[in-house]
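Structure first, then comments.
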Amino acid sequence: MRMSINRQNTHIIPTRFEYHAPTSLDEAIELLTEYGGDARLLAGGTDLLVKMKQRVVEPRHLINLKMITGLTGIEEKADGIHIGAATKLRAIERSPLIREKLPLLHEAVRAIGSVQIRNMATLGGNLCNASPAADSAIALIALDARVQVKGAEGDRVIPLDGFFVGPGKTVLSPSEVLVEIVVPPQGRSSGACFIKIGRTSLDLAMVSIAAAVTLGDEAVEDCRIALGAVAPTPIRVREVEAFLRGKRLTDEVLEEVAAMVSAAIRPITDVRATAEYRRTAAEMLTKDALTRAAEEARRRRG
Amino acid sequence: MRIEITINGRKRQFDVEPNKLLLNLLRDELYLTGTKYGCGIGECGACTVLLDGAPVLACLTLAVDADGRRVDTIEGLAEGEKLDPVQEAFLEEGAVQCGFCTPGFIMTTKALLAENPDPSEEEIREYLKGNLCRCTGYVNIVKAVKRAAENLRRVK
């Protein structure tokens, strides 16, 4: 979840800021409207406080979201599972509802950091941090999730695959708050798979993929595929999804799909992996993830 | 800002700047130096404390964010001369080399065993993933956690 090595004094937060702990969403939005670009929202703090220690960001105002009731919790409604933006990753990981209904999200959340990090970090924070490698983001994109946003200009709903703009950047305006994440019901004949390659299991992804596949008789009826750490944002490969509809997952089809994924991604070389490695791994992971998602779909259909 | 934190069972009041980290409050103002500053960026687990019973990183927690909550540190475990069963188990298994990572490991182990009194080796390794030991004493640490679980079950 962190982007740079420990090269500064991380003993303290060197800059002073004014601290706000609003108890309602409206109050938080008022503060955001007043302070705009000088303010940052604090959720779990596992990314933000590191950036503040390293002086990557130096907000003059910090708005803590933890006192706001109604921003946490996991609830199943008719239109899907609603997860409050300030819900801790650990609560999502331990939720029996998520484990049963959204095993893909369970797996992806478990892949984030350590127990300590997951006790602190929130789902909304992981998304708004907008790391290209965010594990929860690719799982939620593959699950067709949308986010509910509230701001000074009103409410809006944004499909998650249109939420990310670039590394650390989302479509949110400075006065908007991510309120909840909604995952629509998943079909009975659908299966999903999450795979992450990291140097150690604690690490940020070098490459990651989440795939959800709905099978017709044997052919793919529908699918969603999202990859992490191979582009400036988590990316969904819609052209690959369109190509796969109505096709069986034969070796030939999988080869073609791998080539299409390779053409769609824009990996870079950084401290974690080379662009070449990422490209090769993304091709292999695509084949594996689709195969395993289809197997799970068959198993669930029974 | 005025805040109140229950630290190792005792309510304490502080007047802190918002940018004060919980770790530095514990170490510099209360001299509870068992909790260590390791990496400062959430990767090593040496600063692990329990916040309302859950293991968190004191180096990435604002003191103001602990207002009204309970914080438990390594210093709160022993009763006088009598060590906590987890501390005993770390000694018995030689799970301590230089000792720098030990408080963090022990606090995380306390939380693990509270959640899961009989963890498998895999579950232990998964739960302790966020605590790094640079003497690489992991084999004995895992043994110590197993023994602590046995000791605790026997006590109950």
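The values are calculated or read from the model by the stated rules, or taken from the named source; none is laboratory data. Worth saying up front: this structure is predicted, and the values here are computed from it rather than measured. Glycine also receives a Cβ, built like all others from the backbone with ideal geometry; neighbour counts cover every protein chain displayed. To get the accessible areas, we keep the full protein, side chains included, count just its heavy atoms, and leave off ligands, DNA and RNA. Shrake-Rupley method; radii C 1.70, N 1.55, O 1.52, S 1.80 Å.
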Just need a number here: residues in region B:63-78 that are within 20 Å of B:Gly130 (Cα to Cα) and either of a type in the set (Phe, Trp, Tyr) or open to solvent by less than 10 Å² (accessible area, probe 1.4 Å) (or both).
2
Qualifying residue in region A:22-39 (condition: within 11 Å of chain B (Cβ to nearest Cβ) and either among the hydrophobic types (A, V, I, L, M, F, W, C) or closer than 30 Å to A:Arg300 by Cα (or both)):
no
Residues of region A:28-60 being assigned to a loop (DSSP other than H, G, I, E, B), buried (at least 21 other Cβ atoms within 10 Å of the Cβ) and in contact with a strand residue (DSSP E or B) (Cβ under 8 Å, 6 or more places away or on another chain), which ones?
A:Ala43, A:Gly44, A:Gly45, A:Thr46
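I need the full set of residues from region B:136-149 which are of a type outside the set (A, V, I, L, M) and surrounded by 14 or more Cβ atoms within 10 Å (Cβ to Cβ), in order please.
Passing the criteria: B:Gly137, B:Tyr138, B:Asn140, B:Lys143, B:Lys146, B:Arg147.
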Checking the structure you have, find out if any residue of region A:245-256 is under 22 Å from the mean Cα position of the chain (by Cα) and surrounded by 14 or more Cβ atoms within 10 Å (Cβ to Cβ).
no
A:Gln116 - would you say it is open to solvent by less than 10 Å² (accessible area, probe 1.4 Å) and either in contact with a Leu (Cβ under 9 Å, 6 or more places away or on another chain) or in the same structural domain as A:Pro174 (by TED's automatic domain parsing) (or both)?
yes
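Tell me yes or no: at least one residue of region A:147-154 is more than 14 Å from chain B (Cβ to nearest Cβ) and either of a type in the set (S, T, N, Q) or under 21 Å from A:Arg118 (Cα atoms) (or both).
Yes: one or more hits.
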Quick test of your reading of the structure: A:Gly198 fulfils all but one of (1) modelled with pLDDT under 95; (2) surrounded by 19 or more Cβ atoms within 10 Å (Cβ to Cβ). Name the failing condition by number.
(2)
Residues that are out of contact with any Lys or Arg (no Cβ under 8 Å at 6 or more places or on another chain) and within 23 Å of A:Arg238 (Cβ to Cβ): which helices (runs of 4 or more DSSP H) entirely in region A:71-160 hold 1 or more of them?
A:103-110, A:123-128, A:135-142
Would region A:42-63 turn up any residue that is more than 10 Å from every other protein chain (Cβ to nearest Cβ), polar (S, T, N, Q) and closer than 16 Å to A:Thr122 by Cβ?
no
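When the residues of region A:148-170 are filtered to those that are among the β-branched types (Val, Ile, Thr) and closer than 16 Å to A:Ser131 by Cβ, which remaining residue is surrounded by the fewest Cβ atoms within 10 Å (Cβ to Cβ)?
Only one residue fits best here, namely A:Val165.
Going residue by residue through region A:119-136, is there one that turns out to be aliphatic (A, V, I, L, M), over 26 Å from A:Gly166 (Cα atoms) and assigned by TED's automatic domain parsing to the domain that holds A:Lys169?
no
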If B:Cys59 satisfies all but one of (1) in contact with a helix residue (DSSP H, G or I) (Cβ under 7 Å, 6 or more places away or on another chain); (2) surrounded by fewer than 21 Cβ atoms within 10 Å (Cβ to Cβ), what's the number of the condition it fails?
(2)
Answer with yes or no whether B:Glu93 is surrounded by fewer than 14 Cβ atoms within 10 Å (Cβ to Cβ), over 17 Å from the mean Cα position of the chain (by Cα) and not polar (S, T, N, Q).
no
Consider region A:64-80. How many of its residues are away from every other protein chain (no Cβ under 14 Å), open to solvent by 10 Å² or more (accessible area, probe 1.4 Å), of a type in the set (A, V, I, L, M, F, W, C) and in contact with a strand residue (DSSP E or B) (Cβ under 7 Å, 6 or more places away or on another chain)?
1
One residue is enough: does region A:93-100 have a residue meeting the conditions among the basic types (Lys, Arg) and either away from chain B (no Cβ under 12 Å) or on the phi > 0 side of the Ramachandran plot (or both)?
yes
